[in-house]
């Protein structure tokens with residue numbers, strides 16, 4: 001086989017060698033009987049591991065626990081629940097998160113300190129520990145279990161998000177896989193709710209940290225659904241070395257290939273989250289080129305993708321492009337009105353800061369697609385970035401006005 | 001009569017002596033035949049005048065024109081249209097804004113340079129100048145015309161916003177009046193679409209500038225509807241001295257009374273804008289106390305009032321209070337989880353960072369009111385602030401998905 005990157009059919013977090021997962025219905029999601037809500041991701045051997053966590057000043061108890069444990073740079077398993085965030089519940093939250101790890105450790109025959117914890121769901125309610133104590137005994141781990149885990153972490157998500165990429169380079173082979181969940185309270189502030197990544201490559205911890213940061217910066221950090229962020233945001237990667245490659249470190253032979261594979265997995269998951277945003281009917285991709293620098297390109301793209309007015313207009317297939325340039329103006333980045341070009345799909349609406357006559361029907365046809373691309377050329381410098389989001393629909397409001405009722 | 005402040009029944013921008021206004025239907029709002037869309041505010045004598053303008057880097061042509069003319073610190077009249085923002089249309093926009101002033105000057109027999117210009121509506125479309133040339137001749141000015149002006153500046157607003165306060169202090173009397181419009185693309189970034197304020201007090205220009213800034217900072221700058229800002233934001237105040245008082249300057253006898261009256265008018269208009277936010281069914285008031293300082297209190301209050309998840313929950317009468325504390329956490333202000341108290345209406349939901357058992361039905365009753373208050377006590381310092389906004393309804397999306405179609 002030739003060298004290259006291939007998305008694996010039905011790829012998931014257990015596609016890399018040595019990882020197993022499973023999930024059960026513990027009863028944490030009040031209104032959804034029989035829906036998976038408690039899962040475990042496990043590796044046969046200790047993994048090199050690192051994570052990025054929420055920047056919200058309110059941090060859920062499992063985030064605090066996992067942050068503490070990851071100082072070792074190692075992990076063996078993750079236990080995760082949906083339906084309850086275990087956030088803002090006082091000291092009890094820490095006890096409950098620790099107990100989740102202890103229960104898991106007992107079943108797996110490993111140390112509690114090798115286990116990370118994650119939760120997602122309603123904030124300000126205590127974990128129903130009786131349900132978790134009972135449920136955790138019913139989780140069976142398997143090499144196909146990634147699909148179950150992808151479902152167990154869903155909240156308002158309508159589809160599981162999972163993928164894996166196989167890499168072949170110079171006779172070496174390894175796989176990077178991942179699962180993630182959206183789909184509300186999503187904004188680019190380090191991470192985006194829950195994302196678990198795995199690889200059977202052997203990776204040096206320092207390189208793994210920088211690679212994760214780089215991949216997240218161009219993927220999950222470029223997604224916005226609604227501008228809110230969660231106290232539970234966690235993006236974790238575990239590398240177990242089972243592929244038998246030489247350890248990948250900064251500048252080493254496989255470093256770039258690993259980075260590219262990780263980027264691809266993270267971008268796939270990021271776009272999946274955006275496409276499945278609460279109430280979304282389509283994916284929006286905003287590309288900024290020619291900004292003064294990279295940071296300004298990122299800020300401009302993120303501001304446009306976050307604008308409720310742009311999102312509403314796309315929802316209604318309304319070519320109201322003025323809102324796009326005004327969102328850029330609000331972002332505060334350097335811009336010269338008379339230099340801006342704007343495209344929706346392939347249709348140019350603004351050239352050199354002047355509106356171009358366009359066929360409204362043609363643009364409305366572009367807006368009716370499942371994926372809508374908006375491109376801005378600033379013609380100032382070499383900064384470029386892409387952000388993803390979704391349209392704002394009446395359904396978003398309906399979902400979020402009845403979340404706990 | 002005793003000294004004091006009184007809201008004037010049916011008060012408006014022409015309640016202060018010497019101001020006249022009027023409006024007509026020029027045909028600028030495509031789908032709304034017979035709706036006022038072009039108006040003039042005029043003073044018999046030259047006024048001391050100052051304004052605050054949008055911080056959006058995209059500035060509408062009328063903003064650029066008015067900014068330039070206000071360097072003199074004087075103005076006699078304002079001409080304003082709705083239905084078209086005259087923004088992002090290239091150089092033509094400047095010509096059109098200038099012509100609007102010239103046409104008005106000719107009719108009023110004054111200099112074009114004494115006339116300010118304002119526009120609001122769709123961005124990226126040229127002003128239909130034929131309609132404006134024709135319409136401007138049909139505007140009749142009167143002392144009751146403030147009510148017409150308040151209507152002529154409406155876009156998606158469902159009600160006009162106007163008020164006036166009469167002040168009596170130590171034998172002096174004067175009036176402060178104002179009109180404003182919302183109701184989308186509203187976020188606290190200096191101003192909030194259009195607001196015209198008048199007074200018959202004699203006011204020194206330097207004091208007028210600082211008084212306007214202070215009043216706007218605690219009123220219009222504390223309103224958020226949707227986080228977007230407009231290229232047309234203008235808050236103008238004109239003072240004509242007709243009340244015959246001694247000129248008010250910083251520290252002078254009437255300074256504090258003038259400031260209080262201006263604050264009252266601006267807060268009234270700010271709350272009116274919030275209450276009439278696009279799709280709004282209720283007013284939300286967020287009060288932060290005990291923050292480390294004023295800036296942090298302002299930021300925290302504004303972040304909570306801007307959260308689409310909080311706004312959606314209030315819309316659905318869902319006591320999902322976790323979203324409120326998490327929005328505070330996202331704001332980045334100093335906070336200690338274990339010190340926070342949270343109230344919805346009079347009901348305490350969190351005390352010292354711990355959830356308090358509460359009667360859900362009682363909180364849902366509070367949330368069903370026309371006005372919902374959310375109070376946070378940080379217990380850290382003396383910073384306090386209040387912000388206003390509205391719930392996020394399906395109707396917001398419906399309005400904004402079909403704005404130009």
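Values as computed for the structure displayed
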quantity: Test: residue in the range B:30-45 that is out of contact with any helix residue (DSSP H, G or I) (no Cβ under 8 Å at 6 or more places or on another chain), without any contact (Cβ under 8 Å) to a residue 60 or more places away in the chain and within 30 Å of residue A:339 (Cβ to Cβ); calculated: no
quantity: Test: residue in the range A:326-336 that is touching a strand residue (DSSP E or B) at 6+ places or on another chain (Cβ under 9 Å) and under 20 Å from residue A:393 (Cα atoms); calculated: no
quantity: Residue B:237 touching a strand residue (DSSP E or B) at 6+ places or on another chain (Cβ under 6 Å), touching a residue at least 40 places away in the same chain (Cβ under 8 Å), crowded, with 18+ Cβ neighbours inside 10 Å and in the same structural domain as residue B:72 (by TED's automatic domain parsing); calculated: yes
quantity: Subset of the range B:92-101 (residues that are buried (at least 18 other Cβ atoms within 10 Å of the Cβ) and either modelled with pLDDT under 95 or within 14 Å of chain A (Cβ to nearest Cβ) (or both)); calculated: B:93, B:96
quantity: Qualifying positions in the range B:214-234 - in contact with a strand residue (DSSP E or B) (Cβ under 6 Å, 6 or more places away or on another chain) and assigned to a loop (DSSP other than H, G, I, E, B); calculated: B:224, B:229, B:232, B:233
quantity: Residues of the range B:49-77 classified as part of a strand (DSSP E or B) and free of Cβ contacts under 8 Å to residues at least 40 places away in the same chain, total; calculated: 2
quantity: Looking only at the range A:172-191, and only at residues there that are assigned to a strand (DSSP E or B) and either within 14 Å of chain B (Cβ to nearest Cβ) or out of contact with any helix residue (DSSP H, G or I) (no Cβ under 9 Å at 6 or more places or on another chain) (or both), the one that is modelled with the highest pLDDT; calculated: A:173
quantity: Filter result (part of a loop (DSSP other than H, G, I, E, B) and surrounded by fewer than 24 Cβ atoms within 10 Å (Cβ to Cβ)) within the range B:102-123; calculated: B:109, B:110, B:111
quantity: Matching option when the condition is assigned to a strand (DSSP E or B) and away from chain A (no Cβ under 14 Å), among B:80, B:13, B:35; calculated: B:80
quantity: All positions within the range B:126-171 that are in a loop (DSSP other than H, G, I, E, B), out of contact with any helix residue (DSSP H, G or I) (no Cβ under 7 Å at 6 or more places or on another chain) and buried (at least 19 other Cβ atoms within 10 Å of the Cβ); calculated: B:139, B:141, B:145, B:153, B:154, B:155, B:157
quantity: 1 or more residues at the interface with chain B (Cβ under 10 Å from one of its Cβ atoms), modelled with pLDDT of 95 or more and more than 30 Å from residue A:161 (Cβ to Cβ): qualifying strands (runs of 3 or more DSSP E) within the range A:250-369; calculated: A:341-344, A:347-351
quantity: Residue within the range A:113-130 that is more than 14 Å from chain B (Cβ to nearest Cβ), more than 25 Å from the chain's Cα centre (by Cα) and more than 30 Å from residue B:335 (Cβ to Cβ) present; calculated: yes
quantity: Condition check for residue A:202: surrounded by 24 or more Cβ atoms within 10 Å (Cβ to Cβ) and in contact with a strand residue (DSSP E or B) (Cβ under 9 Å, 6 or more places away or on another chain); calculated: no
quantity: Among (1) under 21 Å from residue A:37 (Cβ atoms); (2) within 23 Å of the chain's Cα centre (by Cα); (3) at pLDDT 95 or above, the one test that residue A:85 misses; calculated: (3)
quantity: Residues located in the range B:349-365, provided they are within 23 Å of residue B:302 (Cβ to Cβ) and surrounded by fewer than 19 Cβ atoms within 10 Å (Cβ to Cβ); calculated: none
quantity: Test: residue in the range B:301-311 that is touching a residue at least 40 places away in the same chain (Cβ under 8 Å) and either assigned by TED's automatic domain parsing to the domain that holds residue B:224 or more than 14 Å from residue B:388 (Cα to Cα) (or both); calculated: no
quantity: Verdict on residue B:389 being assigned to a strand (DSSP E or B), more than 11 Å from chain A (Cβ to nearest Cβ), at pLDDT below 95 and in contact with a strand residue (DSSP E or B) (Cβ under 8 Å, 6 or more places away or on another chain); calculated: yes
quantity: Top-ranked residue of the range B:392-403 - restricted to ones that are in a loop (DSSP other than H, G, I, E, B) and in contact with a helix residue (DSSP H, G or I) (Cβ under 8 Å, 6 or more places away or on another chain), ranked as farthest from residue B:266 (Cα to Cα); calculated: B:403
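The values are calculated or read from the model by the stated rules, or taken from the named source; none is laboratory data. No experiment lies behind these values; they were computed from the predicted model shown. Glycine also receives a Cβ, built like all others from the backbone with ideal geometry; neighbour counts cover every protein chain displayed.
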